Amino acid sequence: MSGVVIVGAGQAGLEAAAALRAQGYQESVTLIGDEPHPPYQRPPLSKEYLLGKQGADNLPLRGRVFYEKHGITLRMGETVASIDRAAHRIQTGKGEIPYGKLILATGARNRVLPVPGAERALYLRTWDEADTIRRRIEGSVRVAVIGGGFIGLEIAAAARTLGKAVTIIEALPRLMARAVSPPLSDFFRDVHRGEGAEVLLDSTVREIAEDAVVLTDQRRCAADLVLAGIGVVPNMELARGAGLATGNGITVDEFLKTSDPDIYAIGDCADHPNLFAGGRARLESVQNAADQAKCAARGIVGNPTPYRDVPWFWTDQFGVRFQMAGLSAGHDRTALRGSVENRKFSMFYFKQARLLAVDSVNRFGDHIAARKMLAAGTPLTPEQAADETVDFKKLGVTAP
């Protein structure tokens, strides 16, 4: 046996290495990353780090001592070129590495704008990109952000907080349309406009000029810095080159195994059966990365269990903490708990009277309760959800 090799040193890769050791795995564990940095936190890059509230020293997920203590070999700045499944080895620019089990935690990369002048836009995915953006924001006056999803809005909030004139350009009719319901889209549109940002919806980009973003309707949005966040593409070329099944990512079963039983895929790159999606899904979140890592580790140490963890997500924008539990797609009824005007509320989503998801704004207790209810399948009616006198504890859910 040649131990476990993990390709990808992001959150999923690190968590897999740590979980293997925590679950008693005794063979070698090698973690390979193509960036020069050891595994680090990505969520702060578009929030506290851009604002200068979190320093570089606090980005690494673990110190060097952790890897030495747990016998985890780090190989940073190394790219994996191919997988030889028959020989159970991978090829990197520095030679061959044998494996007993292989975990692909290759993540995703930024989707690039398909317009003239796209090379003038900056994208945020890595530590180095965050450093570049932070420097450029400091020297800018007018910032255009193309894309009204989570990353785009977080960057826009940071730039506006730093005193820059900000224009948000979104091609769809509402913000965060792929992730949240219309009421939440409207709420965040109003938050950003209330903070002084210009929000342009139903607006597509034709070109990025030297001093402006040109829209297809000929409008020009003046900008000396253009940032883009229009989604990501899963990194599955390595898997595809090895003949593994792929779809909306690397195809895995409920145990996170690929079409090769000795190879797992986890995190942003994994197209997996998801109980809460009612089908296959590829999720991009710290929760999904960490929980899938633990699930894969259980399979490798001989204790396989299906991946059925509740998906949850969060974002911070202008001091508004937004937390999501479950997946709301396909809901047929909603219930509101709290006050939208006071920026403290939760939206509960139901389908055929079954709770699907909960979106919470500045209501941490509701979010934690929602995760527990969804995990346990606790019955909840829309009327109970909307009634603040209903105590979740009496429903068998303990909230903070």
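Some points to look at:
One line per residue, one yes/no per condition, for (1) under 27 Å from the mean Cα position of the chain (by Cα); (2) modelled with pLDDT under 95; (3) assigned to a helix (DSSP H, G or I); (4) not assigned by TED's automatic domain parsing to the domain that holds A9:
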| position | (1), (2), (3), (4) |
| --- | --- |
| E96 | no, no, no, no |
| D131 | yes, no, yes, yes |
| R135 | yes, no, yes, yes |
| V145 | yes, no, no, yes |
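- Criterion violated by A357 - all others in (1) over 24 Å from F187 (Cβ atoms); (2) crowded, with 20+ Cβ neighbours inside 10 Å satisfied: (1)
- Scan of the stretch 168-225 for residues that are β-branched (V, I, T) and either loosely packed, with under 13 Cβ neighbours inside 10 Å or not assigned by TED's automatic domain parsing to the domain that holds E119 (or both), ordered by number: T216
- For the stretch 236-247, taking the residues that are in a loop (DSSP other than H, G, I, E, B) and touching a strand residue (DSSP E or B) at 6+ places or on another chain (Cβ under 6 Å), the one that is surrounded by the fewest Cβ atoms within 10 Å (Cβ to Cβ) is identified as A245.
- The number of residues in the stretch 360-394 being surrounded by 19 or more Cβ atoms within 10 Å (Cβ to Cβ) and of a type in the set (S, T, Y) comes to 1.
- The numbered conditions (1) in the same structural domain as T126 (by TED's automatic domain parsing); (2) within 23 Å of L283 (Cα to Cα) are all true for A239 except (1).
- Residue, farthest from L356 (Cα to Cα), within the stretch 253-300, restricted to residues that are of a type in the set (S, T, N, Q) and crowded, with 19+ Cβ neighbours inside 10 Å: T258
- Under the condition of being closer than 12 Å to K47 by Cα and within 19 Å of the chain's Cα centre (by Cα), the residues counted in the stretch 147-173 number 9.
- Hits in the stretch 228-246 - residues which are in contact with a Lys or Arg (Cβ under 7 Å, 6 or more places away or on another chain) and within 22 Å of C295 (Cα to Cα): P234, N235, T246
- Remark: S82 falls outside the filter, which requires a residue to be surrounded by 16 or more Cβ atoms within 10 Å (Cβ to Cβ) and not assigned by TED's automatic domain parsing to the domain that holds L162.
- D253, sole failed condition from (1) touching a residue at least 24 places away in the same chain (Cβ under 8 Å); (2) part of a loop (DSSP other than H, G, I, E, B): (1)
- The residue of the stretch 98-114 that is nearest to Y40 (Cα to Cα), among those that are surrounded by fewer than 17 Cβ atoms within 10 Å (Cβ to Cβ) and within 28 Å of the chain's Cα centre (by Cα), is R109.
- Scanning the stretch 316-351 for residues that are over 24 Å from the mean Cα position of the chain (by Cα), of a type in the set (G, A, S) and crowded, with 19+ Cβ neighbours inside 10 Å yields one hit, A335.
- The number of residues in the stretch 13-52 that are exposed (fewer than 15 other Cβ atoms within 10 Å of the Cβ) and either in contact with a Phe, Trp or Tyr (Cβ under 7 Å, 6 or more places away or on another chain) or farther than 22 Å from S285 by Cβ (or both) comes to 6.
- Every condition in (1) outside the structural domain of A87 (by TED's automatic domain parsing); (2) within 28 Å of V390 (Cα to Cα); (3) surrounded by fewer than 19 Cβ atoms within 10 Å (Cβ to Cβ); (4) not basic (K, R) holds for F313 except the one numbered (3).
- Filtered residue count, the stretch 150-196, keeping only those that are assigned to a loop (DSSP other than H, G, I, E, B) and in contact with a Ser or Thr (Cβ under 7 Å, 6 or more places away or on another chain): 8
- For beta carbons closer than 9 Å, sequence separation of 6+ or different chains, a first residue in the stretch 183-208 that is farther than 25 Å from F348 by Cβ and touching a residue at least 12 places away in the same chain (Cβ under 8 Å) and a second that is assigned to a helix (DSSP H, G or I) and among the basic types (K, R), the qualifying pairs are E195/R160; G196/R160; A197/R160; V199/R189; V199/R193; L201/R189; I208/R120.
- The set of residues from the stretch 370-386 being out of contact with any strand residue (DSSP E or B) (no Cβ under 8 Å at 6 or more places or on another chain) and either outside the structural domain of D332 (by TED's automatic domain parsing) or among the basic types (K, R) (or both) comprises just one member, K372.
The values are calculated or read from the model by the stated rules, or taken from the named source; none is laboratory data. Just so you know, these numbers come straight off a predicted model, no measurement behind them. Neighbour counts are summed over all protein chains in view; Cβ atoms, including those assigned to glycine, are modelled from backbone coordinates with ideal geometry.
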